[in-house]
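Okay, structure first, notes after.
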Amino acid sequence: MHVIRLMVPSRDHLASLVRLALPVATVQVGFILMGAVDTVMVGHVSPRDLAAVALGNLYYFLTTSFGLGTLFALDPLVSQAFGAGDRSGIARALQRGFIIAIGLAVVSSLLLMPGRPLLTFLRQPAEVIPIAADYALVSIPGVLPFFCFVVLRQSLQSMGRVAPIVVVIVLANFANVFFNWILIFGNLGAPALGAIGSGWATMFSRWFMFLALVGTSWPLIRSYVRPIRADAFDFRALMAMSRLGIPIGIQFFLEFGVFGMIGILMGSLGTIPMASHQVAINLASITFMMAVGVTQATTVLVGQAVGAGDAERARRSAGAGLVVAATVMTFTGIMFLAIPGLLARIYTPDLEVLGLAATLIPVAGIFQVFDGLQAVGSGVLRGVGDTLAPMRWRATGVTAVGIHGHRSKTVGTGQVHRHASATATPARHPSAVEAAAPERLAMY
């Protein structure tokens, strides 16, 4: 198993991480902000439409989470190849990423089709099911461009080329607001489609993101995507890349699965609890994207250091990631505890939703501190090329603590215990001990 010993980061290592983490976090926040805008705009239609978007998005991301995580195999492959100056290795990884993305998109799209019977079986609110199921259906044409965007995004980030991604995500947010304004409320002669209009707008925005990123990054990626390499289709290499990514996909699925289980539980309680949960979880998602930005920056810097054979730089980059994540998530956690009602008012004027959301937001503030730390720890190991250990930790946190926490306590305290467990488990794992400098991943 690849392992890495942490070292106290220097000022230079902290500065390097922050320089990369800021634009990466901006991209992540911008991506989640698109969902927040959907929530805010639909929230002004009705609580039913808000709950439908919450349920439809839950279904979509639960279905696509495995594919999304699997594509994160590009992080160690591209960052280590970049650190070693291996341009052919970058091209092989990028082109294989697109091939794998196509297969994952087909499977995910098929899983999005049986929305009505599935949501009915899960005893979701009857008035919400038709809208949520249709929301999922109109999202299907956006699955492939979403996965292809992820392939490009992860590859560019792993090379430290984040400017095109930042530009695209800013433009995509404006496009998403424009599409929502037309399709949710029925402007410019379009019908007012409410929640379904938000689904169409999001689908169009995903196509816009992919095509815009291809256009803005073409000078950077042209030599990696042209010519198409025969060895990109090597079955053995594709399976090896998939084996690297599948544990990340399982980890993502477990993460989304727990949130999905909570969302389904809220939906079974009624429309108001479901809408309130959507407000709290969307807020938590926005602030957690800052931790995800730090995580991905840490993965890139650790991977580049491993590719260059610089073990000390890898260790100090890992330490810098943990320090920055702890600082950022503590600050946002305090904000959630201090002004939950004010934050909830951004999303909806409905007094019932406001009251319940204000009780859920502080819980989100507590668990995201632990979640941020475990995310960076997983990112460190991902940069080294170890994707199995983070999956095992996540599975332990979910099954041994999170699920039983839901049974024996409230939903909120079960979440806190789950994230605390996932954060603490690495310290007890054998890979926490000091070992030799990690080696670069083999590429066919």
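Need one word for region 230-333: rounded, prolate or oblate. Basis is the Cα gyration tensor (sqrt eigenvalues a ≥ b ≥ c); a/c below 1.5 gives rounded, then a/b vs b/c decides.
Oblate is the answer for region 230-333, as a/c is 1.5 or above yet b/c matches or exceeds a/b.
Kindly provide the Kirkwood hydrodynamic radius of region 215-266 in Å, to one decimal, from all pairs of distinct alpha carbon atoms.
One decimal place: 14.3 Å for the Kirkwood radius.
Based on the alpha-carbon gyration tensor of region 1-105 and its eigenvalue square roots a ≥ b ≥ c, which shape applies: rounded if a/c is under 1.5, prolate if not and a/b is larger than b/c, or oblate?
oblate
State to the nearest 20 debye the size of the charge dipole of region 152-264 about its Cα centre, where the only charges are +1 on K and R beta carbons and -1 on D and E beta carbons.
320
Can you tell me how much longer the chain between S46 and W218 gets when fully stretched, taken as 0.36 nm per residue apart minus their C-alpha distance, in nm with one decimal?
Net length gain for the segment: 57.7 nm.
Sorted by packing (mean other beta-carbon atoms within 10 Å per residue), highest first, where do 245-258, 52-65, 269-282 land?
52-65, 269-282, 245-258
So for region 11-431, what are the equivalent ellipsoid semi-axes in whole Å, largest first, each being the square root of 5 times an eigenvalue of the Cα gyration tensor?
Semi-axis lengths for region 11-431 are 33, 26, 20 Å.
So between S268 and V106, what do we pick up on full extension, going 0.36 nm a residue minus the alpha carbon distance?
Using 0.36 nm per residue and subtracting the Cα-Cα distance, I get 55.3 nm.
Would you mind calculating the gained length between T359 and R161 on full extension (0.36 nm times residue separation, minus the Cα-Cα distance), in nm to one decimal?
67.2 nm
Distance in nm between label sites at T327 and L22, each 7 Å beyond Cα in the beta-carbon direction?
According to this spin-label approximation, the distance is 1.2 nm.
Can you work out ³J(HN,Hα) from phi for every residue in region 292-305, in order, using Karplus 6.51 cos²θ - 1.76 cosθ + 1.60 and θ = phi - 60°, giving whole Hz and x for Gly and Pro?
My calculation for region 292-305 gives 5, x, 5, 4, 5, 5, 5, 4, 4, 5, 5, x, 5, 5 Hz in order.
Put +1 on the Cβ of every Lys and Arg and -1 on every Asp and Glu Cβ in region 336-401; which of T348, A375, G385 then has its Cα farthest towards the positive end of the dipole?
Checking the options against the dipole of region 336-401, the answer is G385.
Which value in nm describes the separation of the simple spin-label points at F121 and R345, placed 7 Å from the Cα toward the beta carbon?
Those two pseudo-labels are separated by 4.4 nm.
Which shape class, rounded, prolate or oblate, goes with region 97-184 when its Cα gyration tensor gives a ≥ b ≥ c as root eigenvalues, a/c under 1.5 marks rounded, and past that a/b bigger than b/c marks prolate?
oblate
Which FRET efficiency, nearest 0.05, do A192 and R392 yield, Cβ-Cβ r, R0 45 Å?
Once rounded, the FRET efficiency stands at 0.40.
Using per-residue counts of other Cβ atoms within 10 Å, averaged over each peptide, order 149-158, 350-359 from highest down.
149-158, 350-359
So how strong a dipole does the chain carry about its Cα centre when Lys and Arg Cβ are +1 and Asp and Glu Cβ are -1, to the nearest 20 debye?
Around 720 debye, computed over the chain.
Every number in this text was worked out from the coordinates using simple rules, so none of it is lab data. Note that the structure is a prediction, hence the values are computed from the model and not measured. Backbone-built Cβ (ideal geometry, glycine too); neighbour counts: all protein chains shown.
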